[in-house]
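Peer 1: To start, I am sharing the structure in question, which I have written as structure tokens.
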Amino acid sequence: MRDFFMIIFAAVFVNNYVLSKTLGICPFLGVSKKFNQAAGMGIAVVFVMVLATAVTWPIQTYVLAPLEIEYLQTIAFILVIAALVQFVEIVMKRHLPSLHGSLGVYLPLITTNCAVLDSALSNISEGYSFLHSIGNAFGGGVGFLLAMVLFAGVRSKIDQNENIPASFKGLPITLVAAAIVSLSFMAFMLK
Amino acid sequence: MTQNSKMSIFLKGLIKENPVLVLMLGTCPTIAKSNNVFNALGLGLCTAIVLILSNMAISAMRKIIPDKVRIPCYILLIAGFVTLIQMLVHAYFDEMYERLGSFIALIVVNCIILGRAEMFASKNNIVDSMLDGAGMGLGFTGALLCIATIREVLGAGQFFGYDLPFFSTYHFPLLQKTFGGFLVFGIMIAIVTKLTAGKAPLKKDFACQGCPSAHLCHGECKEEKEVK
């Protein structure tokens, strides 16, 4: 059980997807303008990451590995994740309209998010058990959520600032701010 | 088509519509793997090869693939080529395979590839698509190399793994970390904006266009979000 919490902690802080592995940058920069959107996107990523791992881990262990077709991993995972997210979105739209209203719009955006695919692939390459994989995926998603929410706060300050040089306006200053925010997560990497 | 326009298809990817610095596609691998020139060159060339092959295949099949299921078809084709490259790199360039890690597999979800498939290859013939793929792929490699050179020289005092006389004593190791990736990339974009005086077709709101799934939701996500 201690391992489980260690894995979650490591995934949230030490190997934070956005600020230390730099995956999932598109939604991180694109949807972090408002706090609500950032939080919604983050929760959707937690959901999809856990779901993707819950499906891809059994596929790898019980289908690809026994048949010795591990080289099909990339193709199998991306198709399964894409199909799964579309499926969940359709079911959610039909049966849980209120949840779809708040999370549904973000779901298609993250079908092919690199952080989701990387979490599914890294669980296999790290050799985690099913429970540990779920923990890693959950932690990775929470880390993404944390980074989104923190950065949405920083960004609201930047967007109000009038003193930014013209050529830095918009994306460049956002990236520089992201660089400084990523420094705060470096404290966890020092040994 | 004349020789001239063929050339312009190839050249526009290099500078005018550079995928990284102007179209803002493929930001994740750019930031993550631009810490040294070796990684940048390896990842850039792998991506370029996948891009050329997938553009050609998608262009060849553009009349067969039904419009409604085109995105899953494209992803499947791209994933096939990525697996091919992954196996070749593992077999012949083992050191590069170790250093790039999961980023070779992650070429599948690189926005540049799906973006070019949707924007160019699905509408143009095979030769044009190949030239577009080559231009975009080399543009991506070039931009990665620029960022990687700055980060490796100033951050590690080396170039392609060889120590440089002055910089090996005075360097700034933080540039090798994630911090440097964000910082140098941000400054590069600022320089491009300055040089082009804001004329480059910078995507101001690249939330939707920049993401590979933008085509799945047809920008609906953006409109709905704005309504909220």
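The values are calculated or read from the model by the stated rules, or taken from the named source; none is laboratory data. Quick caveat: nothing in here was measured; it's all calculated off a predicted structure. Virtual Cβ from ideal backbone geometry, glycine too; neighbours counted across all protein chains shown. These accessible areas exclude ligands, DNA and RNA; they are computed on the full protein's heavy atoms, side chains included. Shrake-Rupley method; radii C 1.70, N 1.55, O 1.52, S 1.80 Å.
Peer 1: So, for chain B, what is the accessible surface per residue at a probe of 1.4 Å, expressed in square angstrom?
Peer 2: Result: 45 Å² per residue.
Peer 1: Another question about this same structure. With label points built 7 Å along Cα→Cβ from the Cα atoms of A:Phe35 and A:Val55, find their separation and express it in nm.
Peer 2: It works out to 3.4 nm between the two label points.
Peer 1: Any chance you could look up the accessible area of A:His95 with a 1.4 Å probe, heavy atoms only, rounded to 10 Å²?
Peer 2: 130 Å²
Peer 1: What length, rounded to one decimal in nm, is gained on full extension from A:Phe188 through to A:Met6, with 0.36 nm per residue of separation minus their alpha-carbon distance? Present the calculation step by step, with values, prior to reporting the outcome.
Peer 2: Numbers: separation 182, 0.36 × 182 = 65.52 nm, distance 1.32 nm.
Answer, rounded to one decimal: 64.2 nm.
Peer 1: Please identify the helices of chain B, taking whole runs of DSSP H, that span at least 30 Å along their own axis as judged from the Cα atoms and have a mean Kyte-Doolittle score of 1.6 or higher.
Peer 2: Numbers: long enough: B:37-60 (34 Å, 1.88); B:70-92 (33 Å, 1.56); B:126-156 (42 Å, 1.21).
The qualifying helices are B:37-60.
Peer 1: Suppose the chain between A:Tyr71 and A:Ile158 were pulled fully straight at 0.36 nm per residue; how much longer would it get relative to their current alpha carbon spacing?
Peer 2: 26.8 nm
Peer 1: Taking amide H positions as placed in the peptide plane 1.01 Å from N, state which residues far from B:Phe159 in sequence (5 or more) or on other chains have amide H under 5 Å from it.
Peer 2: For B:Phe159, the qualifying residues are B:Leu164.
Peer 1: Structure shown: which of B:Lys6/B:Lys123; A:Lys33/B:Lys123; A:Lys93/B:Lys63 lie over 23 Å apart, alpha-carbon to alpha-carbon?
Peer 2: A:Lys33/B:Lys123; A:Lys93/B:Lys63, as the Cα separations exceed 23 Å there.
Peer 1: Right, another one. Tell me, what is the Rg over Rh of the protein assembly as shown, with Rh the Kirkwood radius over Cα pairs? Write out the running numbers ahead of the final one.
Peer 2: Working: Rg = 20.6 Å, Rh = 21.8 Å.
When Rh is taken as the Kirkwood radius, the ratio is 0.95.
Peer 1: Separate question: Once both axes come from the Cα atoms, what is the angle between helix A:114-125 and the longest principal axis of chain A, in degrees from 0 to 90, rounded to 10?
Peer 2: 40 degrees
Peer 1: Evaluate peptide A:178-184: per residue, the Cβ atoms of other protein chains within 10 Å of its Cβ; return the mean as an integer.
Peer 2: Whole-number average of other-chain Cβ neighbours for A:178-184 is 6.
Peer 1: Follow-up. In whole percent, what relative contact order does chain A give with Cα contacts below 8 Å and a gap of six or more residues?
Peer 2: 42 percent
Peer 1: Excluding ligands, DNA and RNA, what is the accessible area buried between chains B and A, summed over both sides, using a 1.4 Å probe, to the nearest 100 Å²? Present the calculation step by step, with values, prior to reporting the outcome.
Peer 2: Numbers: alone 12220 and 10370 Å², together 18770 Å².
What B and A bury together is about 3800 Å².
Peer 1: Another one. Kindly report the accessible area of the stretch A:2-186 per residue (heavy atoms of protein chains, probe 1.4 Å, no ligands, DNA or RNA), in Å². Kindly include the intermediate steps, with their values, before the conclusion.
Peer 2: Working: 7720 Å² over 185 residues.
Per-residue accessible area for the stretch A:2-186 comes out at 42 Å².
Peer 1: Quick check: at a probe of 1.4 Å, how many percent of the accessible area of chain B sits on carbon and sulfur atoms? Don't skip to the answer; put the middle values down first.
Peer 2: Details: 6900 of 10310 Å².
Within chain B, the accessible surface is 67 percent carbon and sulfur.
Peer 1: Still on this structure: For chain A, with a Gaussian network of springs between Cα atoms less than 10 Å apart, report the residue from A:Lys157, A:Lys33, A:Lys93 with the top mean-square fluctuation.
Peer 2: Looking only at A:Lys157, A:Lys33, A:Lys93, the biggest GNM fluctuation is shown by A:Lys157.
Peer 1: Here's something else I'd like to know. Which of B:Thr47, B:Thr169, B:Thr178 moves most in a GNM of chain B, Cα contacts under 10 Å?
Peer 2: For chain B, modelled as a Gaussian network with Cα springs under 10 Å, the answer is B:Thr169.
Peer 1: Of the heavy-atom accessible surface of the stretch A:2-186 (probe 1.4 angstrom), what whole percent is carbon and sulfur?
Peer 2: 68 percent
Peer 1: Now a separate question. If you take the Cα Rg of chain A and divide it by 2.2 N^0.38 Å, with N the number of residues, what do you get?
Peer 2: Working: Rg = 17.6 Å, N = 191, 2.2 N^0.38 = 16.2 Å.
Chain A yields a ratio of 1.09.
Peer 1: Bin by bin, in steps of 10 Å, what percent of the Cα pairs in chain B do you find, going until the bin that has the longest distance?
Peer 2: Whole-percent P(r) values from 0 Å outward: 8, 30, 35, 21, 6, 1.
Peer 1: OK, next. Starting at the first residue of the stretch A:13-25, write each ³J(HN,Hα) from the Karplus equation 6.51 cos²θ - 1.76 cosθ + 1.60 with θ = phi - 60°, in whole Hz, x for Gly and Pro.
Peer 2: Values, residue by residue: 9, 6, 9, 3, 4, 7, 8, 10, 9, 6, 10, x, 6 Hz.
Peer 1: Here's another thing I want to ask about it. Which distance in nm do the two modelled labels at B:Cys73 and B:Leu41 give, with both placed 7 Å along the Cα-to-Cβ direction?
Peer 2: Modelled inter-label distance: 3.9 nm.
Peer 1: Between beta-carbons, use under 15 Å as the cut-off and find the net charge around B:Asp132, counting Lys and Arg +1, Asp and Glu -1.
Peer 2: Every neighbour counted, the sum reads +3.
Peer 1: List the residues of the stretch B:80-111 for which accessible area in the full set of protein chains is at least 50 Å² lower than for the chain on its own; 1.4 Å probe, protein heavy atoms only.
Peer 2: B:Thr83, B:Leu106, B:Val109
Peer 1: For the stretch B:1-71, just say rounded, prolate or oblate: build the C-alpha gyration tensor, square-root its eigenvalues into a ≥ b ≥ c, call rounded for a/c under 1.5, and beyond that prolate if a/b exceeds b/c, oblate if not.
Peer 2: Oblate is the answer for the stretch B:1-71, as a/c is 1.5 or above yet b/c matches or exceeds a/b.
Peer 1: As I understand it, the dipole of chain B uses +1 on the Cβ of Lys and Arg and -1 on the Cβ of Asp and Glu, about the Cα centre. Which of B:Ile15, B:Ile104, B:Ala134 lies farthest toward its positive end?
Peer 2: B:Ile15
Peer 1: With each label point set 7 Å from Cα along the Cα-Cβ vector, what nm distance links B:Ala60 and B:His90?
Peer 2: 2.4 nm
Peer 1: From the protein chains alone at 1.4 Å, what is the descending order of accessible area for B:Met119, A:Met186, A:Met41, largest first? Don't jump to the answer; show the numbers that get you there.
Peer 2: Working: B:Met119 75, A:Met186 25, A:Met41 0 Å².
So the residues, ranked largest to smallest area, are B:Met119, A:Met186, A:Met41.
Peer 1: Over the whole of B:21-32, what's the average partner chain Cβ count within 10 Å per residue? Rounded to a whole number, please.
Peer 2: Counting other chains' Cβ atoms within 10 Å and averaging over B:21-32 gives 4.
Peer 1: Here is a follow-up. What residue among A:Ala82, A:Ala11, A:Ala44 has the largest mean-square fluctuation in a Gaussian network model of chain A, using Cα springs under 10 Å?
Peer 2: A:Ala82
Peer 1: Which net charge results when you count Lys and Arg as +1 and Asp and Glu as -1 among the other residues whose beta-carbon is under 14 Å from that of B:Gly181?
Peer 2: Local charge sum for B:Gly181: +3.
Peer 1: Using only Cα atoms, tell me the angle between helix A:130-160 and the longest principal axis of chain A; keep it within 0 to 90° and round to the nearest 10.
Peer 2: Between helix and principal axis, roughly 10 degrees.
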